[in-house]
Every structure is written in C-alpha cells, then in structure tokens.
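The values are calculated or read from the model by the stated rules, or taken from the named source; none is laboratory data. Keep in mind that this is a model prediction, so the values were computed, not measured. All Cβ positions, glycine included, derive from the backbone under ideal geometry; neighbour counts span all protein chains shown. Areas reflect the complete protein model, heavy atoms only, side chains present, ligands, DNA and RNA absent. Shrake-Rupley method; radii C 1.70, N 1.55, O 1.52, S 1.80 Å.
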Amino acid sequence: GGLAAIASSCLRLRLVDVSNCRRVSDEGVCCVAALPLLSHLELAGCAGAADSPLLALARREAGRRLAYLGLSSRNGHSAISEEGLVSLAPACASLTHLNLASCSAAVTDRALSAVSAHAPRLRVLD
C-alpha cells in the first residue's frame, strides 16, 4: 500500500502523522515502525491501527527512539488493547508524550503500570 511504499523509499522520515486516515492498515504502520529515524508517530483516529503496529514497534529498534506516540481514538472505539499497550511498554524508553485519549480498552492499571515502569522520560500522558 501507499504507506508501505513511502516507508520503503523515505528512510530518513522522522515524523509520520496519518491521523484520521481511515484506510491505514496494520501492514502500512508496521512498515513505518521500521523507519530508523522515526521519533514522532501519530495514529490518532486510524481505524486500521490495532495491536499489530504496537507489537512491530516493540520489536524494532525504531520503537525505542520514539519520543511521541499518538494512539487516541476519534470515536472512543479504539482497536488498541490493554495487551497491545503492555507489549509496547518495554520499547518506551525514549517516549516523552503518549496520547491515549479515548482508548478506554487499553488504559488500565496494568497497562499504565507497564508504561510507567519502562518510560522514565514520559512527561505528557493524554
């Protein structure tokens, strides 16, 4: 798809904002997660973004460089789960801003404890 093509040919991208792009797929976001210089990823309102991209970020070195991650839901129906957020937590060492607005299924005591244990630089939690 389009996002995968951009990720494969624009390896120096540092900021990717695909907020409210309803046709963004997990595959496209997983390709973006592999960008070596990625520091800002905005997925707010992306119906196609679920746990798979979080797992890809957790597995890739790029996830460890993220300073900002936006996962907020437009309509309160987020595909991000508690398990996805817990799986991502170990890759959050550089994260300074995490936006989880309206991600009610993911925002649990367990998930927030995991993030806080692994994100010592976190300054903003929406």
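Pulled fully out, how much extra length does the chain show between GLU83 and ILE6, if you take 0.36 nm times their separation in residues and subtract their Cα-Cα distance?
24.9 nm
Using a 1.4 Å probe on the protein heavy atoms, what percent of the accessible area of the chain belongs to carbon and sulfur?
Accessible surface attributable to carbon and sulfur in the chain totals 53 percent.
Excluding LEU85 itself, calculate the net charge of residues whose Cβ lies under 12 Å from the Cβ of LEU85, where each Lys or Arg counts +1 and each Asp or Glu counts -1.
Spelling it out: positives minus negatives among the neighbours equals -3.
Using a Förster distance of 30 angstrom, determine the FRET efficiency expected from the C-beta separation of GLU27 and SER104, and round it to 0.05.
0.70
May I ask you to derive the relative contact order of the chain, considering only C-alpha pairs under 8 Å and at least 6 residues apart, and to give it as an integer percent?
Relative contact order for the chain comes out at 21 percent.
With labels modelled as points extended 7 Å from the Cα through the Cβ direction, what inter-label distance (nm, one decimal) is found for SER94 paired with SER113?
Using points 7 Å along Cα→Cβ, the separation is 2.9 nm.
With +1 assigned to the C-beta of every Lys and Arg and -1 to the C-beta of every Asp and Glu, and no other charges, what is the dipole magnitude of the chain about the Cα centre in debye, to the nearest 20?
For the chain, the charge dipole is close to 380 debye.
At 222 nm, what helix-only mean residue ellipticity would the chain give, in deg cm²/dmol to the nearest 500, using -39500 (n - 2.57) for each DSSP H run of four or more?
Calculated at 222 nm, the ellipticity per residue is -9000 deg cm²/dmol.
Calculate the spin-label point distance for ARG64 paired with ASP17, positioning each point 7 Å from the Cα along the beta-carbon direction, and give it in nanometres.
For the pair ASP17/ARG64, the computed spacing is 2.9 nm.
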